[in-house]
Structures are given as C-alpha cells and as structure tokens.
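Notes for the one structure printed next.
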Amino acid sequence: MKIAVIGKGGREQALVETLAASPCKPELFTFPGSDAICRTATRIEADGFDALIQWMVDNGIDLCVAGEESYLVKEEGLANRCEAAGIPCWGPHKESAQLEASKEFAKNFLLRHGIPTGAATAVESYDEAIAAINGQYPTVLKFDGLAAGKGVAVCPDAASAEEFLDEVFIQKRFGAGRLLVEEFLTGPEISIFGAICDDQYLILCPARDYKRLEVGDAGPNTGGMGAVASRQLASPELLKTIEETIVAPTVRGLQADGLPYRGFLYFGLMLTPQGPKVIEYNCRFGDPECEAVMPLLQGDLATFCLKGARGEFAPELISFNEGWSICCILASAGYPASSHSGDIISGLDDCQARVFHCGTKLTPGGWVTAGGRVLAIVAQGDTLEAARTLAHAEAAKVDFDGSQRRSDIGYANM
Ligand code: AMP
Ligand code: GLY
C-alpha cells in the first residue's frame with residue numbers, strides 16, 4: 001500500500017510514523033513534508049496542487065491522508081481533487097471542511113442540528129460588533145476564516161475587544177471577512193477526536209491541549225504548548241453524554257446536509273456547568289494532540305484509513321492503550337508573536353522520549369530550529385505521574401537559544 005501524507009509538522013510526523021508501523025507495512029510518501037518526516041517517508045517533489053495530484057496518480061498512490069487543514073479548503077479542495085483523480089482520501093471534501101474554515105458556517109450547523117454551543121451573532125463591521133457585544137464582558141470574538149489559530153480573542157473588557165476589532169476591521173490583519181461575537185463560556189476544555197466514515201464513527205482517545213504560552217495558562221494563545229492524552233481523561237458517563245449530544249448529532253447533521261465526510265473530525269469542547277458545548281470543529285487531527293495520541297494507538301491505522309476513505313468503516317482495526325501520554329512542546333524564541341530560525345538544537349541524541357519535529361531543518365551541522373513550534377517531546381506511562389515525570393525529564397535534555405517550554409504540562413488543569 002502506498003500512502004501520501006499531506007503536511008509538514010509534528011502532527012504529520014506522528015501520523016507518518018504510526019502509519020509506517022502498521023502491520024500491512026505501507027510505503028510512505030509526503031508533501032511538502034519536512035527533513036524529519038523524510039527519514040520515514042519519501043518527499044513528493046511537486047510544484048503546486050496540480051503537480052501533486054498528477055504525481056499521486058502517476059505513482060499509484062492508494063491513499064492520501066490529509067494532515068493539515070489548509071489543503072482541504074485550498075482551490076477545489078484536496079479531497080475533491082483526489083476523488084476526481086480516483087484516489088481515496090482520508091480527509092473531508094471542501095464543502096464539509098467549511099466546519100473548520102468558517103466559524104459562521106460551523107455555528108449555523110451547530111444551531112441547525114441542536115448541538116450545544118455558545119450563543120453567537122455574526123457581524124460585518126466594527127459598529128455592528130460593538131452593538132452585538134452590548135457591553136457584556138467578557139466576550140469572545142472569532143474571525144470567520146482560517147487565521148492560523150490567531151483569529152479568536154477572549155476579551156475581558158472593552159479595551160481588549162476594541163483592539164481586536166481594530167485588527168479585524170481596520171487593519172484587516174486576516175483579510176476581508178465577517179466576525180462572530182460569541183457568548184463567553186467557562187469550564188475545562190477537552191479535545192475529542194472522531195474518525196468519521198459517512199454515517200458511522202469511532203471516538204478515539206481524548207486529549208487536553210495547553211493553548212496558552214506560559215505556566216498557569218498565562219500569556220497569549222498559541223497553536224498549543226503541549227498535550228495530555230488518555231482514555232481516562234473522560235469518564236464513561238461523560239463520554240456517553242458527549243457521544244449522544246455532540247458526536248452522533250454532528251454525524252447525522254453532516255448526512256442530513258449532504259456534507260460528505262471521511263476523515264478525522266476534532267471537536268473542541270468546553271465542559272460547562274450546563275454540560276459539554278462545542279467551541280470549534282477542526283477537520284483534521286489536533287496538533288499537538290496528535291503527537292500525544294498516536295503513540296497510544298494499537299493496530300493497523302493504515303488499513304483503517306484506507307478502508308474508511310473507501311467508505312468501509314472498520315473500527316475493529318484500531319484501539320488505544322489504557323495509559324497516559326504527555327507531549328511537551330519546545331517553541332522558538334519570540335513565539336507566538338514571531339519565530340526564530342537557525343538556532344542549533346542540542347541534546348536530541350540523549351533524549352530517550354519520542355521526538356516529533358514541528359519546525360526544524362537538518363543542516364550539515366545538525367538540526368536547527370525552523371519555525372514557531374520546534375519540537376514535540378512525548379513520553380508514555382501507565383500512570384499520569386509516570387508519564388509526566390518522564391516527559392519533562394526528557395524534554396529538559398533538549399535545548400536551543402531562546403527555547404520556551406511550559407513546565408506544567410500534565411500538571412495544570414488535571
Ligand atoms: P478556537 O480557536 O476556536 O479553538 O479558540 C481558541 C481558544 O479560545 C479556545 O481553546 C478557548 O480557550 C477560547 N474560547 C473559544 N471560544 C470560547 C468561548 N465561547 N468562551 C470562552 N472561551 C472560548
Ligand atoms: N491543538 C489545537 C489545534 O490543533 O487546533
């Protein structure tokens with residue numbers, strides 16, 4: 001089996017390595033890939049989307065796995081292009097990927113199908129936004145488009161809301177677009193992953209993401225500074241509620257709306273005093289959650305995804321270990337406001353944990369940083385205590401100039 005994995009970060013490396021370890025022993029290819037991924041997968045040399053699709057056809061790719069979201073909604077959409085070319089794709093069509101690409105589309109979907117979520121108003125100007133906020137703080141402002149994790153602002157007061165509205169409507173930092181003014185919800189957050197195959201689904205191992213930069217959930221939002229994965233993160237009762245009120249209605253809603261879906265679907269939930277509510281959908285695995293979840297997976301992910309992409313749901317092919325997995329992110333100097341490249345990374349050879357590369361480059365002198373989030377250091381254990389002790393001890397061995405790491409991953413919010 002020949003599989004092409006699309007993307008270039010730590011999530012895609014975790015997917016590639018887990019797919020490669022499948023008993024069916026697939027041959028792995030990647031686009032655009034990274035130096036680290038290309039130790040396991042062969043880089044597809046393609047100049048753009050058309051060339052990528054043609055390469056997959058010419059080289060007899062059996063399965064395309066979408067890692068990151070951007071390709072799903074780019075031009076005609078990765079899954080749509082694959083379908084037209086006769087290549088099974090694990091990842092949804094462009095129309096369905098609007099669940100992630102448009103906050104307003106997602107909100108309308110949630111409301112239409114009676115799935116619990118915060119109340120919201122869509123607005124298209126600064127003044128409309130101020131009117132919709134109506135002096136109620138905190139408020140949550142969400143730009144209606146892909147914004148690399150920077151399009152959401154939780155605003156405690158009028159000054160912070162006005163600052164964000166200025167970025168959106170005056171400076172047009174994210175381009176043209178509307179905005180959702182959303183009710184502020186409270187409670188712990190949890191990331192739930194579904195593997196969706198038309199009208200069927202499997203709920204995978206849940207995870208918790210650490211979105212803020214600094215210890216104690218302080219500082220700015222990031223793409224995620226670490227993650228914890230374990231089936232024990234959600235009790236069977238909670239999982240049942242999440243399945244009945246959120247996952248199953250979502251899958252029925254996709255079917256009812258004629259939105260084709262075969263792939264991972266990420267439910268970002270807040271466990272509010274009124275029960276779990278959806279904060280966001282993402283049409284792919286989470287990053288860094290994927291780096292934490294994948295090492296717990298048992299079975300044949302490659303055949304599971306191939307069958308799923310062909311419309312044959314085969315949940316018996318994968319399962320998850322009972323233990324805990326902790327992922328610590330090392331981010332570059334200046335992240336998330338900026339990022340710093342070219343800093344030499346030391347200690348990788350001493351590190352006994354699994355290391356996934358989020359943003360690195362291999363130079364003649366060794367690995368150097370090449371992005372905001374640089375490395376994901378991941379360790380497992382039978383207990384939370386064992387996993388987090390090991391993850392932090394191993395992460396501490398790896399260093400580069402200006403490296404940033406949260407020391408409370410697996411400790412805070414547990
Ligand atoms: P998102 O990009 O939609 O995942 O939002 C980023 C973060 O903003 C979430 O992980 C939450 O911590 C926070 N957030 C989003 N929506 C809300 C909400 N309605 N109430 C409170 N916090 C929120
Ligand atoms: N960890 C959050 C995300 O992947 O969007």
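The values are calculated or read from the model by the stated rules, or taken from the named source; none is laboratory data. Values in this document were obtained by computation on a predicted structure and should not be read as measured data. Glycine also receives a Cβ, built like all others from the backbone with ideal geometry; neighbour counts cover every protein chain displayed. Ligands, DNA and RNA are stripped out before the accessible areas are found, and what is left, the full protein with its side chains, is counted by its heavy atoms. Shrake-Rupley method; radii C 1.70, N 1.55, O 1.52, S 1.80 Å.
With only Cα atoms counted, the chain has Rg and Dmax values of 20.5, 59 Å. By accessible area, using a 1.4 Å probe on protein heavy atoms only, the range 97-210 has 49% of its surface on carbon and sulfur.
The calculated Kirkwood hydrodynamic radius for the range 280-414 is 16.2 Å, given to one decimal from all distinct C-alpha pairs. In a solvent-free Debye calculation with one equal scatterer on each Cα, what is log10 I(q)/I(0) for the range 332-374 at q = 0.29 Å⁻¹, listed in the order of the q values? These q points yield log10 I(q)/I(0) values of -1.04. Comparing Cα centroids, the range 126-193 and the range 350-396 end up 33 angstrom apart. Relative to the 2.2 N^0.38 Å rule of thumb, the range 264-321 has a C-alpha radius of gyration ratio of 1.35.
Taking all C-alpha pairs of the range 169-321, those more than 25 Å from each other amount to 35 percent.
Accessible surface for the chain, divided over its residues, is 39 Å² per residue with a 1.4 Å probe. Using 0.36 nm per residue and subtracting the Cα-Cα separation, the extra length available between Asp50 and Ile344 on full extension is 102.3 nm. Seen from Arg208, the other residues with C-beta closer than 11 Å to its C-beta sum to a net charge of -2, counting Lys and Arg as +1 and Asp and Glu as -1.
Of all the options Gly114, Gly77, Gly224, the one that moves most in a Gaussian network model of the chain with Cα springs shorter than 10 angstrom is Gly114.
Which entries of Lys74/Lys103; Lys277/Lys307; Lys142/Lys277; Lys25/Lys361 show an alpha-carbon separation above 25 angstrom in the structure shown? Checking Cα-Cα distances, Lys277/Lys307; Lys25/Lys361 exceed 25 Å. Proximity of backbone amide H atoms, modeled 1.01 Å from N, is registered between Phe184 and Val140 at under 5 Å, excluding neighbours fewer than 5 places apart on the same chain.
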